[in-house]
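K.L.:
Pasting a structure here, questions to come.
The values are calculated or read from the model by the stated rules, or taken from the named source; none is laboratory data. Remember, it's a predicted structure, so these values are computed and weren't measured experimentally. Every residue, glycine among them, receives a Cβ derived from its backbone with ideal geometry; neighbour counts consider all protein chains shown.
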Amino acid sequence: MILKIRRPDDFHVHLRDGAMLRQVARHTASQFARALVMPNVPPIDTGPQAERLKSEIFQHVSPSSFTPLMAIRLTAKTTPETIQEAKRCGVVAAKVYPQGVTTGSHGGVTIDQLQQMGAVFATMQDVGMVLCWHGEFPGPGWLSAEQRMLPEIRKVVDDFPRLKQVLEHISTREGVEWVRRCPDTVAGTITVHHLFLTLDDLGGRGQFGRGGMLQPHYFYAPIAKEDSDRQTLTEAAIEPSGKFFLGTDSAPHPIDRKFNVDAGCCAAGVFSAPVAMAALATKFEALNALDRLEDFTSAHGARFYGLPLNEGSMVLEKQVWVVPGTVAGMVPFLAGEELGWKVADVEIASR
Ligand SMILES: [Zn+2]
């Protein structure tokens, strides 16, 4: 059995830089026609910095087959002029990282600073730049951080009714329901891992658990939540509203950052790029919703961002395989697990 869909887009990926970029970029480019490159590692705060990273990406992947969509971070130093310059450099989105919530967010903004950013948001609204949110409230209370951030975002939704905004990597039922209640200028990305895992899996107790042993490769931010949250996310991924689309949040770390024995630490992030589409086809089939996969991966996001739909196609084949233990020297998402679908072919030009 074969499934042919329009080439997909990934509206949230971490490609890193230097040696790591060289290792991982092709895994995104081999599956996705376009990807929104997150600006936290390395920090990308201006249009010219985004242009430099884009040229570095093109040292490893061909512009004829892959288009990186660039984003900048909003910091306390961002001005309306920063936004205008970034727009001229082709930047499509700017992202809020509340200070201290994730990798590379030390330079992010505090909740107080957010309230001073009206002129920046107004400029984004005028030039048509999308505002992406790492939607977690800083400080104690990680499991409820997403819920507690939603009222802060809602203020910006109400104050800037034409500004398009995305709640990134939604992890809770409350986050999904909040996006549904917001106007059509608000959408949400959903990762592959939040469709598969719960907090039990991280703790080694769930379907993907390993006898109660903590699973560093299932550690990411926002952290996996309850099964009821995961189920609401699967319902959102297959709903036809157009408000929810794929952002893998593939965030590779070298193995010694995931298992740092000396420091006794584990970095947050999942390297899902190599298996994203195969895992999604497997999940959507289990949901009896294979016919909704193309909208989630290849239509809703492009329409929200005002981009043309991709030409070209991806062929997935129903075939059982086991995800290898390492890819590009790192442990991919679902390593050692069986998937029911595989990417068989990608056609770049026409459908
Ligand atoms: Zn991310």
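K.L.:
Would you confirm, using the coordinates I've provided, whether PHE208 is modelled with pLDDT under 95 and within 25 Å of ALA276 (Cβ to Cβ)?
P.N.:
yes
K.L.:
Moving on to the next point. Of LYS155, LYS225, which residue is touching a residue at least 60 places away in the same chain (Cβ under 8 Å) and basic (Lys, Arg)?
P.N.:
LYS225
K.L.:
Between a first residue in the stretch 79-107 that is farther than 29 Å from GLY139 by Cα and modelled with pLDDT of 95 or more and a second residue that is of a type outside the set (A, V, I, L, M, F, W, C) and outside any helix (DSSP H, G or I), which pairs have beta carbons less than 7 Å apart while being 6 or more apart in sequence or on different chains?
P.N.:
Between residues of the stretch 79-107 that are farther than 29 Å from GLY139 by Cα and modelled with pLDDT of 95 or more and residues that are of a type outside the set (A, V, I, L, M, F, W, C) and outside any helix (DSSP H, G or I), the close pairs are GLU85/THR46; ALA86/THR46.
K.L.:
Select, from GLY47, GLY108, GLY90, the only residue that is within 15 Å of the ligand (Cβ to nearest atom), in contact with a Lys or Arg (Cβ under 9 Å, 6 or more places away or on another chain) and not β-branched (Val, Ile, Thr). Even if it seems obvious, please write down each step before you answer.
P.N.:
Values: GLY47 fails: within 15 Å of the ligand (Cβ to nearest atom); GLY90 fails: within 15 Å of the ligand (Cβ to nearest atom).
Going through GLY47, GLY108, GLY90 in turn, just one is within 15 Å of the ligand (Cβ to nearest atom), in contact with a Lys or Arg (Cβ under 9 Å, 6 or more places away or on another chain) and not β-branched (Val, Ile, Thr): GLY108.
K.L.:
Within the set of pairs 6 or more residues apart or between chains, which connect a residue that is in contact (Cβ under 8 Å) with a residue 60 or more places away in the chain inside the stretch 235-255 to a residue that is among the β-branched types (Val, Ile, Thr) and within 16 Å of the ligand (Cβ to nearest atom) with Cβ atoms less than 6 Å apart?
P.N.:
The qualifying pairs are PHE244/ILE190; GLY247/THR189; THR248/VAL13; THR248/THR191; THR248/VAL192; ASP249/THR191; SER250/VAL13; PRO252/VAL24.
K.L.:
State yes or no: is THR28 within 17 Å of ILE348 (Cβ to Cβ) and within 15 Å of the ligand (Cβ to nearest atom)?
P.N.:
yes
K.L.:
I need a count of the residues in the stretch 1-24 that are within 16 Å of the ligand (Cβ to nearest atom) and under 20 Å from VAL346 (Cα atoms).
P.N.:
Qualifying residue count, the stretch 1-24: 5.
Residue by residue, here is whether (1) part of a helix (DSSP H, G or I); (2) crowded, with 18+ Cβ neighbours inside 10 Å holds:
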site	(1), (2)
VAL24	yes, yes
PRO39	no, yes
GLN49	yes, yes
LEU53	yes, yes
MET70	no, yes
GLU81	yes, no
ALA94	no, yes
VAL101	no, yes
ALA119	yes, no
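For (1) surrounded by 18 or more Cβ atoms within 10 Å (Cβ to Cβ); (2) of a type outside the set (A, V, I, L, M); (3) part of a helix (DSSP H, G or I), each residue gets a yes or a no:
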{"residue": "ALA224", "(1), (2), (3)": "yes, no, no"}
{"residue": "HIS253", "(1), (2), (3)": "yes, yes, no"}
{"residue": "ASP256", "(1), (2), (3)": "no, yes, yes"}
{"residue": "ALA268", "(1), (2), (3)": "no, no, no"}
{"residue": "PRO274", "(1), (2), (3)": "yes, yes, yes"}
{"residue": "LYS283", "(1), (2), (3)": "yes, yes, yes"}
{"residue": "GLU311", "(1), (2), (3)": "no, yes, no"}
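K.L.:
Mind checking which residues of the stretch 130-187 are within 16 Å of the ligand (Cβ to nearest atom), of a type in the set (D, E, K, R) and not in a helix (DSSP H, G or I)?
P.N.:
Of everything in the stretch 130-187, those that are within 16 Å of the ligand (Cβ to nearest atom), of a type in the set (D, E, K, R) and not in a helix (DSSP H, G or I) turn out to be GLU136, GLU168.
K.L.:
Another question about this same structure. Among what's in the stretch 221-269 and is closer than 20 Å to ALA187 by Cα and among the polar types (S, T, N, Q), pick the residue that is nearest to the chain's Cα centre (by Cα).
P.N.:
THR248
K.L.:
Taking SER298 as the residue in question, decide whether it is within 16 Å of the ligand (Cβ to nearest atom), among the polar types (S, T, N, Q) and in contact (Cβ under 8 Å) with a residue 24 or more places away in the chain.
P.N.:
Criteria not met by SER298.
K.L.:
Please enumerate the residues belonging to the stretch 226-248 that are within 12 Å of SER171 (Cα to Cα) and in a loop (DSSP other than H, G, I, E, B).
P.N.:
Within the stretch 226-248, GLU226 is the sole residue that qualifies.
K.L.:
Moving on. Restricting attention to the stretch 1-8, does a residue exist that is closer than 15 Å to VAL91 by Cα and either more than 18 Å from the chain's Cα centre (by Cα) or among the acidic types (Asp, Glu) (or both)?
P.N.:
no
K.L.:
Among the residues of the stretch 138-157, what is the count of those that are closer than 26 Å to MET70 by Cα and at pLDDT 95 or above?
P.N.:
Step one: filter the stretch 138-157 for residues closer than 26 Å to MET70 by Cα, giving 138, 146, 149-150, 152-157.
Within this subset, residues satisfying the condition of being at pLDDT 95 or above are 146, 149-150, 152-157.
Residues in the stretch 138-157 being closer than 26 Å to MET70 by Cα and at pLDDT 95 or above: 9 in total.
Each row is one residue, and each column tells you yes or no for (1) more than 21 Å from ALA33 (Cβ to Cβ); (2) exposed (fewer than 15 other Cβ atoms within 10 Å of the Cβ).
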site	(1), (2)
PRO308	no, yes
MET314	no, no
TRP321	yes, yes
GLY329	yes, yes
LEU334	yes, no
GLU338	yes, yes
VAL343	no, no
